[in-house]
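The values are calculated or read from the model by the stated rules, or taken from the named source; none is laboratory data. Just so it is clear, the structure is predicted and the values come from calculations on it, not from any experiment. Here the Cβ positions follow ideal geometry from the backbone for every residue, glycine too, while neighbour counts run over all protein chains shown.
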Amino acid sequence: MNSKTQAPDTVICNGKQFKILLHQDELQRRIAEMGAEISKNYKDKKPIFIGVLNGAFIFMADLLRYVDIPCEVDFYKLSSYGDEKVSSGMVTERKDIDADIAGRHIILVEDIVDTGLSANYIINIVEKKKPASVALVSLLHKPDAIKYHVDVDYVGFNIETLFVLGYGLDYAQEGRNLPHIYVIDEN
Ligand code: IMP
């Protein structure tokens, strides 16, 4: 049985055209490598993966299926983009984690590090709770867009400073369910 989701090469979302940047097969290959690397580095550490909602939900679900060591899972929910294609520059916390993370190894899971505002904000909150260690994994990273310092320990793909969609990432709340990652097609 073929469990792959079919999706077109170009899509229209909220009136804008997008084209495929990263095909689902490429995403899965890279995420499998990331899962294997993290499993090796965290053997016997029982890390807590903390996903940053909403954008990380699909990446987190796939990544965790490639992690083969004992681990736990929790979520933060942040909002920074509003419904625009440019970061609002403000972060609002909408859901805190439930886990007691003092003395634990934490792996924060982001969909994308753009300006670094959200990751920087969350790392500061997490570090105040005295974990044993904090690492950041992000499927995508726009290195040229960075404005707030963050060390991204595990990066899936470095991409240009262009707006992307799909595989958890939205444009005004739509498009998260697309199986590939698409990039805005300005032509
Ligand atoms: P940052 O705080 O500027 O690094 O951006 C963090 C959040 O903005 C990400 O977790 C995404 O939810 C959202 N974001 C950043 N770039 C994009 C994009 O190209 N498409 C969709 N959402 C994005």
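List of remarks:
- The sole residue among Leu64, Leu22, Leu78 that is crowded, with 18+ Cβ neighbours inside 10 Å and modelled with pLDDT of 95 or more is Leu22.
- Looking across region 157-183, the residues that are more than 10 Å from the ligand (Cβ to nearest atom), polar (S, T, N, Q) and either touching a strand residue (DSSP E or B) at 6+ places or on another chain (Cβ under 9 Å) or free of Cβ contacts under 8 Å to residues at least 60 places away in the same chain (or both) come down to Asn158, Asn177.
- Residues in region 12-69 that are hydrophobic (A, V, I, L, M, F, W, C) and either assigned to a loop (DSSP other than H, G, I, E, B) or in contact with a His (Cβ under 9 Å, 6 or more places away or on another chain) (or both): Ile20, Leu21, Leu22, Leu27, Ile48, Ala56, Val67, Ile69.
- Residue match in region 82-93 (condition: over 28 Å from Ile12 (Cβ atoms), more than 11 Å from the ligand (Cβ to nearest atom) and either under 17 Å from the mean Cα position of the chain (by Cα) or in contact (Cβ under 8 Å) with a residue 12 or more places away in the chain (or both)): yes
- Among the numbered conditions (1) near the ligand (Cβ under 8 Å from one of its atoms); (2) modelled with pLDDT under 95; (3) of a type in the set (Asp, Glu), the only one that Glu186 does not meet is (1).
- Filter result for Tyr154 (away from the ligand (no atom under 11 Å from the Cβ), modelled with pLDDT of 95 or more and crowded, with 18+ Cβ neighbours inside 10 Å): yes
- When residues of region 105-126 are limited to those that are assigned to a strand (DSSP E or B) and more than 6 Å from the ligand (Cβ to nearest atom), the one nearest to Asp62 (Cα to Cα): Val109
- Sub-7 Å Cβ pairs linking a first residue in region 140-153 that is closer than 7 Å to Asp114 by Cα to a second residue that is near the ligand (Cβ under 8 Å from one of its atoms) and among the small types (Gly, Ala, Ser), at least 6 apart or interchain, are Ile146/Gly116, ordered by first then second residue.
- Annotation: of all residues in region 127-151 being within 16 Å of the ligand (Cβ to nearest atom) and charged (D, E, K, R), the one that is surrounded by the most Cβ atoms within 10 Å (Cβ to Cβ) is Lys142.
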